[in-house]
Each structure stands twice: as C-alpha cells, then as structure tokens.
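Step one of this worksheet: look at the structure below.
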C-alpha cells in the first residue's frame, strides 16, 4: 500500500492567550486519506487540542473550507495523493480562510462570514402569485438550464477568499451568485431591490474578472461567468 | 494551461524563485488572476507615465527648452526605457480588450484570448523595435490618425451599443467605453511616435503637427480618455482595499483633483500650441 510521509504546518490561534503560531505535525498517511482524515488523525494520535471544522464531509456544507498551500478548498475533498500531485510536495501549510475572524486554529466565525450573504437576501423576496389554488409554479427547463449550475453553490467562501478584490469592501462572489440566481429565477418578482444590491459599491464593481472564483470553486461553478452576465445587463 | 504551469514550474525551479512563486500563484488562483494583477500594475505605471508625459510636453511652449529635454531623452538608456514602455502599453491595451470581450461581449473562450494577448503583445513589441532601429519611416499624421480614429470609433460605438442594456453606473460604463477607445489609440500613438523617433523629438515637427485641427481633436480625446480611464482604475483599486470610508473619499478627491489638474494642463497645451 502506498503511504506518504507528510509534514503539515498548521496555522494555530489561541483566543484565550490571543496568540498565533505555526505548529508542525509529521504523520504517515495512506494515499486515499482526505485532509479531514489527516486532521482527525492528528487529534487522535498527536494533539487533541487542534481545532478544525467539518460537518457533512461530503463536499456539501462548506464547513471544512481552508487554505492548503495557499489554495482555498474543501479539506474533505482533497485526497493525499491528489494533493501531492497537485502541489508537487509532501509538505502542506494549512491556514484558516481570511473571510471572517478566526475563532480557534482553523475554525472561523462563519456567522460573521454569512453576514455578507444575508445582505443579498439569498431567498425569494417576493414570490410570484400562485398560478391557481393548489398549483405550483413550473420552472421552464430552458430557463433553469441557464442558471442551474449556479444553484449548486454551497457557500464555502473559497471564492471570496481567492478574489482579487479582497473581502473587505466586496460582498463576495458567492453573495453575487446568490442574488443572480434569484434574478434568473422566474418565481422572483423583486428584481429592483436585487439589481440595486448588485450594482451597489459592494457589488459587481468590485469584480475585475480575475476569475479566481471560478478557478477555486469546489463545485466547479463558473462564478465569474454569472457576474459578467450581470455586468453586461443580462437580467 | 495546466501543462504550461508545470513547464513554468520546472523551468523556474532551475532558474529563479520568483518564477516559482508566479507558477504557484497561477496554480492556486489561475492565469487570469495573474493577468488581472499585471493589468493593475501596468495601469498604475502608465498613469504615472501619462503625468510625466504631460509635464514634459508642457515645455513645448518654449521649443528651445523642449529640445534640450529631448536631447537628454535621446541617450541610449532613455531610448531603451522608451522601448520598454511598449511592454506595459501593449499588455494593458490587449488585456483590457480581453476583459471587455469577457464582460461586455460575453466571450467565454477567455483562456484562448489570453494566449492571443501574449502573442500579439510580443508581435507589437518586436515590430516597434524594428521601427525604432530603422528610424526612417514616414507617414502623414492626418492619414494615420483618420484610419486609427475611425477604427477606434467603431470599437467604441459597438461597446456603447452593447453596454446600453447594462444597469451598471455611468462611471463604470465610461471606464469600459474609454478602454475600448484607447485599445487601439494608445498603442497606435506609441507606434506613430516611433516610426521616426528623431522627428518625434523635434519641437518644431510636433508643433506643426499639433497645429492641425483634426490632430488637436484626437489629442484632446486621448488626454481626456486616458486620464478618466486611469483615474477611475486607481480609484477602483482603492475601493477594493481601503477599509476606511474617509480614506476612500480622500482618495476620490485626490485622484479627481490630480486628473483634472493634468487634464487642464494637457488640454491647455493642445489648444495653445
């Protein structure tokens, strides 16, 4: 069985002492272990105090997003052998995302990260009237086809982390995507408020089509394409 | 592109850690991300150069002083610098064209266009080097600029038409529109000036050329478009990174005052010469 001798340099933070440091862990791991498995292995065998987040561990919740050798990605989706092939090394630096304050080690305050998403109201604000008693809206398959990939966003904030515009004055590519999806959705009647948000100073003007969002998206969404549609006035 | 990353990485490991860092950044953020940074850096460089250019040309009111300045710029070192200026000029123009194609014309074959940016940029730079070395080309200024301005006008018109349906602000649209206009105009300006560098540095030749009303109009458009495009670009970068609202407002005021000041100096010069 192929195994790798790995070095993990983990950026740690202790809120009680307000102290940051980088801790190095050496471990041997099989080729198909994921990075969340490596972190669990460290917890079990070396250091139970290392904090990190995960929930579904199937690439659906975005809780385990972090930067590995500078690339924002989901730790539950990255296999050891793929990481070695991708980065050409067995030494990896693990950092928390910078989109929200760090709570401890690799865990960030996701509630604060979600503030920016809440601003765009990621739900149908004013639904179209029901077509009739007991009847549901039928979404035209052709119309759905235009934005169905965008609905796969899990709000892992990898795109926001990677964006050239930083995340201080920009709501973020995922927030833009959330509002664009609702603009493309036939069931949404509230277009004006959405467009106002989209064309605000924290909106599309902060996007410079560097397309890092599309490059890092773990769900393979071409985020930049949707934001570019908004700039071109497709809605 | 993935192959080019690994080739660049292998090459860089042999030669320079900086190239290694570039290859790593391309891997973790993608080539368009690097292209976007290069766009910003070249844009800031060109804006500074435009300020310097207007300042230098302002001495045209005293041809003897202008010729003395130009004599210094005739030294090999400055000629080399002038040639190297072609790199940010053509890169910023072509990459800007790529961004307009992506954002306004919904081109999604962006990776291919990025390769064209590099290829055409190299071709332009080589062509400019040949003209600078030959230094003996001559073309009528109104003839050259009628064709160039007509082509730039067409590109600008198509961009304006496409942007009509966009709900983005007028300022943002003007950034793209001025970009479409400058896409041909600035590289053409640089090319024209170097068809015969000796003549391009002669005060009397420049004054005689600028006496033409059509050339005056072209120069006015160039100064206005360049200063608007550059100052909006700088303001936009500040908006991305400056956290304090007060500092952002300060940057807006500073950039606007500087742009208006240089626009006034540039336009006054064009009218008076």
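Summary table
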| read-out | value |
| --- | --- |
| Residue in region A:191-209 that is touching a strand residue (DSSP E or B) at 6+ places or on another chain (Cβ under 9 Å) and either more than 8 Å from chain B (Cβ to nearest Cβ) or farther than 26 Å from residue B:163 by Cβ (or both) present | yes |
| Those residues of region B:244-273 which are more than 30 Å from residue A:99 (Cβ to Cβ) and not in a helix (DSSP H, G or I), in sequence order | B:273 |
| Any hit, region A:133-156, residues being in contact with a strand residue (DSSP E or B) (Cβ under 8 Å, 6 or more places away or on another chain) and at pLDDT 95 or above | yes |
| Filter result (closer than 30 Å to residue A:200 by Cβ, buried (at least 17 other Cβ atoms within 10 Å of the Cβ) and free of Cβ contacts under 8 Å to residues at least 40 places away in the same chain) within region B:146-165 | B:155, B:156 |
| Residue list for region B:232-273, restricted to those being under 29 Å from residue B:213 (Cβ atoms) and within 14 Å of another protein chain (Cβ to nearest Cβ) | B:232 |
| Looking only at region A:154-176, and only at residues there that are surrounded by 22 or more Cβ atoms within 10 Å (Cβ to Cβ) and on the phi > 0 side of the Ramachandran plot, the one that is nearest to the other protein chains (Cβ to nearest Cβ) | A:172 |
| Any hit, region A:3-10, residues being part of a loop (DSSP other than H, G, I, E, B) and either under 15 Å from residue A:94 (Cα atoms) or touching a helix residue (DSSP H, G or I) at 6+ places or on another chain (Cβ under 9 Å) (or both) | no |
| Matching entry among A:89, A:151 (being surrounded by fewer than 16 Cβ atoms within 10 Å (Cβ to Cβ) and in the same structural domain as residue A:18 (by TED's automatic domain parsing)) | A:89 |
| When residues of region A:42-83 are limited to those that are crowded, with 17+ Cβ neighbours inside 10 Å and part of a helix (DSSP H, G or I), the one farthest from the other protein chains (Cβ to nearest Cβ) | A:42 |
| Selection status of residue A:89, within 13 Å of chain B (Cβ to nearest Cβ) and in contact with a strand residue (DSSP E or B) (Cβ under 8 Å, 6 or more places away or on another chain) | no |
| Unique residue being modelled with pLDDT of 95 or more, out of contact with any strand residue (DSSP E or B) (no Cβ under 9 Å at 6 or more places or on another chain) and exposed (fewer than 15 other Cβ atoms within 10 Å of the Cβ) when the list is B:171, B:143, B:181 | B:171 |
| Given (1) crowded, with 17+ Cβ neighbours inside 10 Å; (2) away from chain B (no Cβ under 13 Å); (3) in a helix (DSSP H, G or I), number of the condition residue A:224 does not satisfy | (2) |
| Test: residue A:109 is without any contact (Cβ under 8 Å) to a residue 12 or more places away in the chain and in contact with a strand residue (DSSP E or B) (Cβ under 8 Å, 6 or more places away or on another chain) | yes |
| Residue within region B:93-102 that is surrounded by 14 or more Cβ atoms within 10 Å (Cβ to Cβ) and more than 14 Å from chain A (Cβ to nearest Cβ) present | yes |
| Residue among B:48, B:19 that alone is modelled with pLDDT of 85 or more and closer than 28 Å to residue B:112 by Cβ | B:19 |
| Residues of region B:61-110 classified as free of Cβ contacts under 8 Å to residues at least 24 places away in the same chain and not in a helix (DSSP H, G or I), total | 6 |
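The values are calculated or read from the model by the stated rules, or taken from the named source; none is laboratory data. Computed from a predicted structure; not experimentally measured. Cβ: placed from backbone, ideal geometry, glycine included. Neighbour counts: every protein chain shown.
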